[in-house]
Structures are given as structure tokens and as C-alpha cells.
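Worksheet: one structure, shown below.
The values are calculated or read from the model by the stated rules, or taken from the named source; none is laboratory data. Predicted model only: the values in this text are computed from it and were never measured. For neighbour counting, all protein chains shown are included, and Cβ atoms are generated from backbone atoms with ideal geometry for every residue, glycine included. These accessible areas exclude ligands, DNA and RNA; they are computed on the full protein's heavy atoms, side chains included. Shrake-Rupley method; radii C 1.70, N 1.55, O 1.52, S 1.80 Å.
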Amino acid sequence: MAKKSAQVQSVSAALRVNPDSFDLAEVDPAGKPVGPTSKSDAADELGVIGSELDALQEALYAEGAGGGRRRVLLVLQGMDTSGKGGTIAHVAGLVNPQGLRIASFKKPTRAELRHDFLWRIRRQVPPPGHLGVFDRSHYEDVLVARVDQLVPETEWRRRYGQINEFEAALAEEGVRLVKCFLHISPDAQRERLIARLEDPTKRWKYNPHDLEVRAGFSEYQAAYQDALVKCSTAVAPWFVVPADRKWYRNWAVARLLLEAMKDVAPVYPEPTYDPVAELARLRDADPLR
């Protein structure tokens with residue numbers, strides 16, 4: 001049991017991108033580099049993680065209500081079918097929705113295109129005391145924009161620095177970033193696309209354009225390699241989560257989020273009144289007694 005606990009404590013270190021030596025091609029999308037090795041063990045641990053996350057998020061929400069400025073932002077990136085939606089359901093679903101903000105970033109609207117690429121992102125940063133989740137993010141503008149040649153190379157290369165500055169500013173404002181790349185293999189993606197087409201209840205998730213995107217799988221991997229290396233910083237590191245196994249993906253993201261929440265260590269605000277005096281008033285001078 002002690003051995004498992006020691007392994008669990010190293011999740012952030014095991015999955016964190018080291019910009020000086022990271023190579024995405026060397027990461028096994030079906031790997032289990034740390035933590036549980038079976039689906040049943042992961043499910044058991046996820047239950048415990050959920051209880052801890054819920055308690056910490058409640059404290060964070062209370063801290064924000066008391067004037068605190070800290071918040072946590074979980075950023076999820078990954079190829080189609082990597083499980084961003086599933087991760088949100090299984091991880092964000094562990095906490096009270098009252099203190100949760102979820103934003104999904106699709107193709108920019110005409111209104112959004114009239115502004116710089118970070119404009120729509122800034123508008124969705126969670127308020128103090130909240131846990132925010134981004135389903136895709138500002139990284140689309142160095143991924144899709146690059147692969148589909150939506151902007152000149154000089155432009156998307158400039159954006160790496162702009163992203164780092166933006167995330168550093170968020171950290172200064174009290175935002176703790178947890179950036180997870182859900183790493184899926186081409187074979188696993190193919191199986192999931194087939195499953196969508198074979199299941200009438202999942203066909204709404206499929207888009208014929210998905211095959212065009214899949215054709216550029218290697219180009220996207222190269223784009224992710226650069227984004228992960230160039231934008232993994234001390235205040236906003238990237239974590240690469242093997243995503244071929246859904247149960248492992250969910251456990252790993254939940255654990256990364258828990259470690260970040262523990263590091264933030266939110267505290268309940270001190271009351272602006274005297275609790276002892278208020279108890280005495282309620283017991284001795286309750287107006288309804």
C-alpha cells in the first residue's frame with residue numbers, strides 16, 4: 001500500500017514536459033508510467049480523489065467568496081477522440097458544479113476574429129474561487145492555425161511568446177494552470193471514430209471533416225511537439241497524459257488536478273463576526289422561540 005502511495009505522489013513529475021529533452025514520439029499513448037495498473041484500481045482511487053477534490057474546491061469557492069483572488073484552470077488539449085469531453089465528465093463531475101466554469105472553444109466566430117486570438121480566451125478565465133475547465137484553448141491558434149495554414153508562419157511562431165506572457169500574467173493574477181495534453185495513438189483514434197459511426201447515439205459526435213483532420217495526424221503531432229516544448233514553463237507546465245486507455249486518462253488528469261489543488265491549499269475565510277456571540281444570540285435570544 002505504501003508503495004502505491006509513493007507512486008501516486010510522483011504523477012506531476014512523471015508526466016511533466018521537460019522542454020530541454022522532451023520528445024512526444026517517445027511517449028507511449030497506451031502507457032501507464034505512474035499510478036494504478038488496472039481499471040479497477042483506478043476506479044477505487046478515483047473515488048478517493050473525488051472526495052478530496054470536492055473538499056478542496058469547496059474551500060477554494062469559500063476563499064473566493066471571502067475576497068480571495070485565487071482560482072484553478074484545467075486546460076485540455078488533444079486530437080479528435082482523445083477524450084476531452086469524457087475527461088470533463090469524469091473529472092470535473094467530481095466537484096460541486098456551483099464553483100465550476102467550463103468553456104469550449106470551437107472555430108472562432110466572425111466577432112472573435114475581429115480581435116486578437118487571446119481575446120475570447122480572456123473572457124472565459126474563471127473568476128476567483130472557481131475551478132475552470134477549457135475544452136481546447138488558446139493553443140488552437142498554434143495548432144489548427146499552423147496545420148491548416150490559416151496565418152503566416154511568422155504569425156503562429158510569434159504566438160508562442162504571446163501565450164507564455166499571457167499565462168505568466170494569469171499566474172500573477174492568482175490563476176493556477178494545469179495543462180494536459182491527452183495523447184492518443186492513430187490506431188485508438190480510428191477505433192473510436194468507427195465506434196461513433198456504429199453507435200446511433202454517438203453519430204452526432206462525428207463530422208466527415210474528422211477524416212481530413214486525421215489525414216494530418218503527423219502534422220498535428222509536430223505542432224504539438226513544438227507547443228509542448230515552447231510553452232511548458234515554470235508557472236504553466238505541460239503534462240502529457242497517455243489517453244489510449246480511458247480509465248488511465250481520467251485517473252491521471254484527476255490526480256494532476258488534485259496535486260495542483262493541494263499545492264494551492266485554499267483556506268476558509270475568517271468570519272467578520274464573532275461566532276461565539278452569534279451562537280449565544282441564537283440560543284438565548286432566538287426571535288422565533
Checklist entry - Gly83 versus (1) farther than 30 Å from Phe217 by Cβ; (2) buried (at least 16 other Cβ atoms within 10 Å of the Cβ); (3) of a type in the set (Gly, Ala, Ser): which is the lone unmet condition? => result (1)
Checklist entry - Among the residues of the range 12-40 satisfying the criterion of being open to solvent by 30 Å² or more (accessible area, probe 1.4 Å) and not in a loop (DSSP other than H, G, I, E, B), which is nearest to Ser218 (Cα to Cα)? => result Ala25
Next on the checklist: If the requirement is being assigned to a helix (DSSP H, G or I) and without any contact (Cβ under 8 Å) to a residue 24 or more places away in the chain, which of these qualifies: Arg196, Arg158?
Outcome noted: Arg158
Checklist entry - Failed condition for Gly93, given (1) open to solvent by 20 Å² or more (accessible area, probe 1.4 Å); (2) in a helix (DSSP H, G or I); (3) under 23 Å from Cys231 (Cα atoms), with all others met? => result (3)
Checklist entry - Quick check: is even one residue across the range 102-111 part of a loop (DSSP other than H, G, I, E, B) and surrounded by 13 or more Cβ atoms within 10 Å (Cβ to Cβ)? => result yes
Checklist entry - Could we say that Val241 is of a type in the set (A, V, I, L, M) and at pLDDT below 95 here? => result no
Item to check | Test for Glu167: is it open to solvent by 30 Å² or more (accessible area, probe 1.4 Å), out of contact with any helix residue (DSSP H, G or I) (no Cβ under 6 Å at 6 or more places or on another chain) and either part of a helix (DSSP H, G or I) or closer than 16 Å to Trp238 by Cβ (or both) | outcome: no
Checklist outcome for this item: The correct count of residues that are touching a Cys at 6+ places or on another chain (Cβ under 8 Å) and of a type in the set (Phe, Trp, Tyr) in the range 145-192 is 1
Checklist entry - For the range 181-206, what are the residues that are among the polar types (S, T, N, Q) and surrounded by fewer than 13 Cβ atoms within 10 Å (Cβ to Cβ)? => result Thr201
Checklist entry - Residue check, Gly47 against (1) touching a residue at least 60 places away in the same chain (Cβ under 8 Å); (2) open to solvent by 40 Å² or more (accessible area, probe 1.4 Å); (3) over 29 Å from Asn207 (Cβ atoms); (4) assigned to a helix (DSSP H, G or I), all met but one. Which one? => result (1)
Next on the checklist: Return the residues of the range 225-243 that are in a helix (DSSP H, G or I) and open to solvent by 10 Å² or more (accessible area, probe 1.4 Å); say none if nothing qualifies.
Outcome noted: Gln225, Asp226, Val229, Lys230
